[in-house]
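Just below is one structure, and these are the notes that go with it.
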Amino acid sequence: MGNVGVTDLLVLVLACAAGTYLWRALGVAVAGRLDPDGEIFSWMACVALAMIAGLVARMLVEPVGVLASTSLLERLGATACGLVMYFVLTRRNLLAGVVGGCVAIVLLHLLR
Amino acid sequence: MDKPTINYHTPRGALAAGARDALGAPIAVLAAGYVGYGALASGFDFPLWLIVASSLLIFALPGQLIMLEMHAVSAPLVLIVLAVSLSASRFLPMTTVLSAMMRHHRYPNWQMYASAHILAMTGWVAAVARVPQLPAEQRLPYFVGFALLCWIACAAASAVGYFLAGQMSELVKLGLVFMNPIYFLLILTGETKAALGRLALAAGAVTGPVAHVFAPQWSLLAAGLVGGSVAYALHRWRRQRG
């Protein structure tokens, strides 16, 4: 285990857990003062949705890690397969769409 | 807010329905990520129990990966915690929106705070689509049923990853990693019906990659703030004109 003891690792994990939970708790606290039919709520929902859409676009356009070994064309092709599987071939079966997209990216990457 | 269109009759029924809805795509996507985490952590000399404990205690995959990678290069504790916490800032808008939807006098504050810990982005997109369709007192139990199962599955997946370390080919990893973008893309395009929501998605898809070029650490929240605000402003402007 080298010089790093398990106690140090545990402290690291606990500190990271606290730093993460902070934001969750803050969200609950803010929500307590928010009217779910109000304008601020609509804006926050927009922020959250835009954030996730931004992440997805980033993963598809500028991937890091394993996905970076694929070309943009392979990722777009696999995305199209997932969309067809979800919207056209099945009645919006999420698992089928996800599996379809993942099988497609592996096949497209193998075939090139 | 929408009128309830689905009724599970009792909080207990809603809890079970939430757990049922988690089985399938949401758990598969989350677990795939945590298998990768467990495999990576075993290579960094983390004991099995601590890998599982870290998934249960932190339950934020991007942050956990940052923790491992910074620890591997012996970064100081304070810096690691700062970077991890920064990456968790995405939880602020997500928990705010979901908590405001789930609030009900029947459930005390501590239950709201406890439920926030088991929130993951994967569960958020599914819950935000379903929760407004439920009667108010069934919303929190539905989410807890959904998220609790995801949370336990991720702990188990971390352990599986620990044992699978080094045995997964690049192609298998590729398929597992691709689950994330495709899952979010499908559920967001399929379940976001309101014009405002669709506008927010489109705006975020543009701001996301741009923000990543300028500030990778802050890019998620920054893209959300800019894209979400632009979408909201456009919507108000159109409403006032029409």
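Could you please find all residues in region B:185-197 being part of a helix (DSSP H, G or I), farther than 19 Å from A:GLY82 by Cβ and without any contact (Cβ under 8 Å) to a residue 12 or more places away in the chain?
Taking region B:185-197 first, the residues part of a helix (DSSP H, G or I) are B:185-191, B:195-197.
Now restrict to residues that are farther than 19 Å from A:GLY82 by Cβ: B:195-197.
Residue satisfying the conditions is B:GLY197 alone.
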Looking at B:ILE187 and the list (1) surrounded by fewer than 16 Cβ atoms within 10 Å (Cβ to Cβ); (2) hydrophobic (A, V, I, L, M, F, W, C); (3) at the interface with chain A (Cβ under 7 Å from one of its Cβ atoms); (4) within 20 Å of the chain's Cα centre (by Cα), which single condition is not satisfied? (1)
Taking B:PRO141 as meeting all but one of (1) crowded, with 23+ Cβ neighbours inside 10 Å; (2) free of Cβ contacts under 8 Å to residues at least 60 places away in the same chain, write down the number of the exception. (2)
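When you scan region B:167-175, do you find a residue that is closer than 15 Å to A:GLY54 by Cβ and surrounded by fewer than 22 Cβ atoms within 10 Å (Cβ to Cβ), even just one? Let's see the steps before the verdict.
In the first step, residues of region B:167-175 are kept if they are closer than 15 Å to A:GLY54 by Cβ; the result is none.
No; the residues of region B:167-175 include none that is closer than 15 Å to A:GLY54 by Cβ and surrounded by fewer than 22 Cβ atoms within 10 Å (Cβ to Cβ).
Can you confirm whether B:ALA41 is over 16 Å from the mean Cα position of the chain (by Cα) and within 11 Å of chain A (Cβ to nearest Cβ)? So that I can check it myself, show each step before the final result.
Values: over 16 Å from the mean Cα position of the chain (by Cα): yes; within 11 Å of chain A (Cβ to nearest Cβ): yes.
Yes.
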So the helices (runs of 4 or more DSSP H) completely within region A:25-112 holding 2 or more residues that are closer than 19 Å to B:THR96 by Cα and without any contact (Cβ under 8 Å) to a residue 60 or more places away in the chain are A:39-61
For B:ALA194, which of the numbered conditions (1) within 12 Å of chain A (Cβ to nearest Cβ); (2) under 27 Å from B:ALA39 (Cα atoms); (3) of a type in the set (A, V, I, L, M) fails to hold? (2)
Which helices (runs of 4 or more DSSP H) sit wholly inside region B:86-169 and have at least 1 residues that are at the interface with chain A (Cβ under 8 Å from one of its Cβ atoms)? B:91-102, B:109-117, B:121-130
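Just name the residue that is surrounded by the fewest Cβ atoms within 10 Å (Cβ to Cβ) out of those in region B:205-228 that are of a type in the set (Val, Ile, Thr) and more than 7 Å from every other protein chain (Cβ to nearest Cβ).
Only one residue tops the list, namely B:VAL213.
Condition check ((1) under 23 Å from B:ALA202 (Cα atoms); (2) more than 8 Å from chain B (Cβ to nearest Cβ); (3) in contact with a strand residue (DSSP E or B) (Cβ under 7 Å, 6 or more places away or on another chain)) across all residues:
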| site | (1), (2), (3) |
| --- | --- |
| A:VAL28 | no, no, no |
| A:ARG33 | no, yes, no |
| A:VAL64 | yes, yes, no |
| A:LEU67 | yes, no, no |
| A:GLY77 | yes, yes, no |
| A:CYS81 | yes, yes, no |
| A:VAL88 | yes, yes, no |
| A:ARG91 | no, yes, no |
| A:ALA96 | no, yes, no |
Selected residue (only one of B:LEU61, B:LEU57 is closer than 17 Å to B:LEU30 by Cα, touching a Cys at 6+ places or on another chain (Cβ under 9 Å) and at the interface with chain A (Cβ under 9 Å from one of its Cβ atoms)): B:LEU57
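No lab work stands behind these numbers, since they all come straight from the coordinates. Bear in mind the structure is a predicted one, so any value in this text is a computation, not a measurement. For neighbour counting, all protein chains shown are included, and Cβ atoms are generated from backbone atoms with ideal geometry for every residue, glycine included.
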